[in-house]
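Structure first, then comments.
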There are 2 protein chains.
Amino acid sequence: MPSPAEPANLMEALVALAKRRGFIYPSSEIYGGLNGFFDYGPLGAELKRNIRDCWWRDMVQRRDDIVGLESSIIMHPKVWEASGHVAGFTDPLVDCKVSKQRYRADQLFWSPVVVDSKTVGYVSALESEKTAEDLQAAAELFKRKKAITGTLAPVTPRDFTEAKESEIPLIPSPATGEPGSLTAPRAFNMMFQTNVGAMTDASSVAYLRPETAQGMFVDFKNVTDTTRVKLPFGIAQIGKSFRNEITPRNYIFRSREFEQMEMEYFIHEDADWAKCHEEWITWCENWLKSIGLPASHLSRYAHPKEKLAFYSKGTVDIMFKYPFGVQELWGIAARGNYDLTQHATASGKPQDLFDEASKKKFVPHVIEPAVGVDRILLAVLCAGYDVEDVKDEKGNVEQRTVLRFSPRIAPVKVAVLPLLKNKEPLTNRARALHARLQRRYAVQYDDGGAIGKRYRRQDEAGTPWCVTIDFDTIEKPGDTFTLRERDSMQQRRITETELFALLEEQVY
Amino acid sequence: MPSPAEPANLMEALVALAKRRGFIYPSSEIYGGLNGFFDYGPLGAELKRNIRDCWWRDMVQRRDDIVGLESSIIMHPKVWEASGHVAGFTDPLVDCKVSKQRYRADQLFWSPVVVDSKTVGYVSALESEKTAEDLQAAAELFKRKKAITGTLAPVTPRDFTEAKESEIPLIPSPATGEPGSLTAPRAFNMMFQTNVGAMTDASSVAYLRPETAQGMFVDFKNVTDTTRVKLPFGIAQIGKSFRNEITPRNYIFRSREFEQMEMEYFIHEDADWAKCHEEWITWCENWLKSIGLPASHLSRYAHPKEKLAFYSKGTVDIMFKYPFGVQELWGIAARGNYDLTQHATASGKPQDLFDEASKKKFVPHVIEPAVGVDRILLAVLCAGYDVEDVKDEKGNVEQRTVLRFSPRIAPVKVAVLPLLKNKEPLTNRARALHARLQRRYAVQYDDGGAIGKRYRRQDEAGTPWCVTIDFDTIEKPGDTFTLRERDSMQQRRITETELFALLEEQVY
C-alpha cells in the first residue's frame, strides 16, 4: 500500500472531503454550528458503526473472558464524587476580563521580553505547533514598537499555570494584546451538569458521564453476581461521553460529545500486573493494525512515574501521528484497585471477591484500555487519505482521491456496477448479485455514468472492491464479473462464489 | 411456539429474572439507584445490540432508499426552539405543598363524592389499571368516615387537568389524603438542560435531545447535497434520547434515558402520503414479527383526527400488550412538511428540493416511524418469557424458565457443551467448534455441571440451540453433534456444516 499523502493542508483537504462525501458535518450547521459537536453523515455513520462492531467482536464476542455492558450516561451523582471527578476533573481556566474570551491556562503561553539581560515586558501566544516562534516574533515586535535598543534574548515559553501572582497583571491577553485583563487560573470542572426530576436545586444535580469506565466499576458486583465470570476477566462498554472542553479543537479529535470504547480487565491483587499491562498494550496495537492503521504512524508514550496519580502503577498511551502532531489515541492504564476501593468506601458496599486459595477476600486490580471512536475514525481518515496521479481510459493523467480503508471498516464493502444501465440482461444480473450481497454486507448499486467515473466515486468513499457486470458475464461461460481493486486498481475475473469467499475472509 | 406465560406477577418475575441473569440492573444500584435510569448487563447489552443491528440491517443496509446518520445528542438550542420543544414539550405538573410530592396532572385522578345527588366531598387516586375502583373505594370510605347517610353515586373519574379552579383546593392530595395542598397544574418542560462552555448563563443553555428525529431534519440539506439520494428516500438514526419524566414507570418502558430508532421518510409533496403511511405501518408490524413478537400481542391505534397537531395528517401507533396494559410501541406519524418548514424559517436556510417535472421548488413531506429500543427489548422479554413443567432425565416433573427469543436477537446463538469436562477428545472437538462459531456469532462454551442443568441455564438466557459434543461425535463416523432446540427441547444429530447453514438461515 502506498504511503499516505501528506500535503501541508492535509487537515483542510480531509475536512472538505469528509463534508463533501457525507462522512462528517458540523452539528446544527444551519444554525451556525455548535462548537465541539459533530454529526456523522451516511458514510461516516457506517464507518463509525464498523469501528465499533470490529472492536466489540474482537473484544467481547471472540473472547471467553470479557463480557459487555451498557450503563446509563446519567448516573447517580455520588458515583462522580467517589471517582474523584467532582473534585478533580478540572482544567485551569483563565478569563480575559476585557474581551470575555476564555482560555485553558495550560494552552496559553507567555514569556518575558529580555533585552540586555533586563526584563522590559511580556508577550503571550496560544499553543500551536510553533508557539516558541510566535512568542519570539511577538517579542521582536514588542521591542521594535517600544523602540528599545539592545540585544533581545531568546524567549523562554512557559504556560499560564506557571505564571507568578506578580507576573499575571503584566502578561498581555491574546485577545487584546494588552496586559491587565487576565485573571489568575481557576479550576473549571469539565463535567456537563443537569438536573433530574422537577426540582432545580442542589438535590437534583446530576452529570453527563465524562467517561464510560465508572459504569463498569459501579456494576462490578452485579456482573460477578449474575454471570459466571472468573478472574481474570473484563467488562467492556461502548458509549457516548461528554466533556465541557474549554477549547475543543483539532476537528473531531477533541470534541465535547464523543464516543468511547473502554474495557476494565480485572486481575487478582497478586497477579503480574506489568505483564498483563504489556499484553493489553500489544493487543491494542495489533487491533489498530487490523483495522488498517500503519505501524509507521503508531508509537508508545509511557507516562513518567512522577506525573502518575498516586494509585496508578503505570500508563502507556498508544500515540498516532495525526497531521496536527503525534497525539494520544489509546490509553492503557494500570489503575490498581483504586476505583473499586473508592466505591466500596463511598457506597458502604464491599467490592471484593473471595479467593479460594488463600480463603481471603480481596479487591481486584484493573488494567484499563480506553480509546475514543472518533479519534480512531479520524486516524483511519488521515492514514487512508491519498491523492495520486493515474491514467484514465484515454491515457490522460488525472488525479484520483482515494480513502484506503481496511475492508473491515470500509463503509461500503462492494459496489455493484452494471456496465450499462439500459441493458436488461446486465442490470438483472447486477440486481441479483446486489440483493444477495446486501443480505450480509453494506453494498451499493451504481449505474450512473461512465465506469471510470463510478470507480472514482467509490475510491473517494473508500470502497475496497467494485464488481462490474459486463458482456463477458452474460455472454461467456462461467458467470464471472470484473473485480476491480481499489488500491492497485487492478482488475480480474471472479465468480460469485469467489467473491463471497473473498468477503468472508477480509470482512470479519 | 407455546403461548407466553402470563402469571399475575409476570412483571415482578421478569424484573427478577432480568436482574438475576444479567439483562438489566438499576443504574447506580450501589448508591441506591437513580429513578428512571437503567443499565444493561452482559446478556442485556447483547440483546439490545442485536435489536439495533437487526433494525439497521433491515432499515438501512438491505434497502437502497435509506441512508444512516448519527447526529449529536447536544444540538444548537435553536433547533429545539424551531421544533417547538422549548415552548411545548411539557407535561402538566402538580405539586403537593405539604408532602413535596410531584404528580403528572394527567395521571392524578379525582371525583366528587356524591350522596343523594349532593356533592359532599372529593377523593383522588393515582392512575392505575383500576383507577375507577380505587376512587369508588375511596368514596365509600369517605362516606363511612364522615358518617354520611344516603345513596352513594358511582364516581366520575377525571384527571387533574380537568379540575376547575374552584375544585382544586377541595381535592385531597394522594400523599396526605387531605385537601388544600395541591397546586394548579403548570407546564413542566421535559428537556434536560445543561450549559455548554465555561459560562453558566442564558447564552450557554443547551438541551439533551428528547428525540433523535430533529437530527435528520437539521441535516436534511447536508444529506441531499452530499449523497445521491432521490425522493422518496429516508434518513435513519439510532441513538440515546433523554426526557425528564415527572413519573418514570413501568420499568424500562418509560425511563428518563432511553434509546430510539427513528427514520424520516421524505416524499414528494404531491405523493400519496396515506399509501406510504400504510406501507410503513405494515413494514413495522412485519419487522416486529420478524424478531419474534407474536401477532396476537400487536394491535393498531389510530390517533383521533381532533387530537392531532394541526400539521399532522395522521398518526398510527403499533400497540403491544404488555403485562401492565396495551401500550404504544411504535408510532408512525405523517408529519407533512412541518419540521423542514419550521427549520427553514428559523434558520433562514431553504429546506427545499427542485422538482424536475414541474420546474418548481418544494419542501418534501415526511412519514416518521419512531420506536424505542428499550420498549422493544421489554416487549421481547415479556413475550418470550415462559415457565413450564417438564420432565427431567429421571422422569420427575420440574419447572423450567425459558426466554423464547427469536434467533435473530437472542444474546447467545449457540452454547457448545462437551459432555464431560475432563475428556480431552470431547473438549478438543468442542473447543474447535466453539472457536469457529465465535468468529461470526456470539456463542458460549459451558462445561460446568450436568447436561440438563446446562440446558436450563441456556433456556433462561434465551439461547435457541445447544450442541453437545458426546461420545458419538468422536467415536462414530460423520462427526455429528447433538443439537438441542430450546423451544421443543427436541434433539437431533447435526454436522458442523449443517449447523453453520442453520445459523446462516436463522440469524440474519
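The values are calculated or read from the model by the stated rules, or taken from the named source; none is laboratory data. Remember, predicted model here, so these are calculated numbers, not experimental data. We place every Cβ from the backbone using ideal geometry, glycine too, and count neighbours over all the protein chains shown. Accessible surface areas use protein heavy atoms only, side chains included; no ligands, DNA or RNA. Shrake-Rupley method; radii C 1.70, N 1.55, O 1.52, S 1.80 Å.
Numbers at a glance
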read-out	value
Per-residue ³J(HN,Hα) for the range B:173-189, Karplus 6.51 cos²θ - 1.76 cosθ + 1.60, θ = phi - 60°, Hz, x for Gly and Pro	6, x, 6, 10, x, 10, x, x, 9, 7, 8, 5, x, 10, 6, 10, 6
Relative contact order of the range A:412-506, defined on C-alpha pairs under 8 angstrom at six or more residues apart (%)	28 percent
In Hz, Karplus ³J(HN,Hα) per residue of the range B:394-404 (6.51, -1.76, 1.60; θ = phi - 60°; x = Gly, Pro)	8, x, 7, 7, 9, 8, 10, 9, 9, 10, 8
Partner aspartates and glutamates for A:Lys361 [C-alpha distance under 18 Å; skip if fewer than 8 residues away on the same chain]	A:Asp225, A:Glu269, A:Asp270, A:Asp339, A:Asp352
Sites B:Lys313 and B:Glu505, calculated FRET efficiency, Cβ-Cβ separation with R0 60 Å, nearest 0.05	0.90
Rounded to 10°, Cα long-axis angle of helix A:451-461 versus longest principal axis of chain A	30 degrees
Prolate/oblate/rounded label for the range B:115-216 (Cα gyration tensor, a/c 1.5)	prolate
In degrees, nearest ten, helix B:42-56 long axis to first principal axis of chain B (Cα)	80 degrees
Under 5 Å, built H, 5+ apart or other chain: amide partners of B:Gly68	B:Ala236
Shape category assigned to chain A from the gyration tensor of Cα positions, a/c cut at 1.5	oblate
Spherically averaged projected area in nm², based on the convex hull that wraps the Cα atoms of the protein assembly as shown	52.4 nm²
Cα gyration tensor category, rounded, prolate or oblate, for the range A:379-429 with a/c compared to 1.5	oblate
Karplus-derived HN-Hα couplings along the range B:470-486 (A = 6.51, B = -1.76, C = 1.60, θ = phi - 60°), whole Hz, x at Gly and Pro	10, 5, 4, 4, 9, 9, 9, x, x, 6, 9, 10, 8, 9, 10, 8, 4
Label-to-label distance, nm, for residues given as A:Ala357 and A:Lys305 (7 Å Cα→Cβ offset)	2.7 nm
Chymotrypsin sites (Phe, Trp or Tyr not before Pro) restricted to the range A:242-332 and DSSP loop, no more than 13 other C-beta within 10 Å	A:Phe310
Chain B: antiparallel DSSP beta bridges as a percent of all, rounded to 5	90 percent
Accessible surface, per residue, of chain B when the full set of protein chains is kept, probe 1.4 Å, Å²	41 Å²
Solvent-accessible area lost in complex, 20 Å² minimum, residues of the range B:28-48 relative to chain alone, 1.4 Å	B:Ser28, B:Glu29, B:Ile30, B:Tyr31, B:Leu34, B:Phe37, B:Asp39, B:Tyr40, B:Pro42, B:Ala45, B:Glu46
Percent antiparallel among DSSP beta bridges (both partners in the range B:412-506, rounded to 5)	55 percent
Sequence-distant residues sharing a close amide H with A:Thr247 (under 5 Å, placed H)	none
Inter-label distance, nm, simple model (7 Å from Cα along the C-beta direction), B:Ala16/B:Lys421	2.7 nm
Residue-averaged 222 nm ellipticity for the protein assembly as shown, from DSSP H runs of 4+ at -39500 (n - 2.57), nearest 500	-8500 deg cm²/dmol
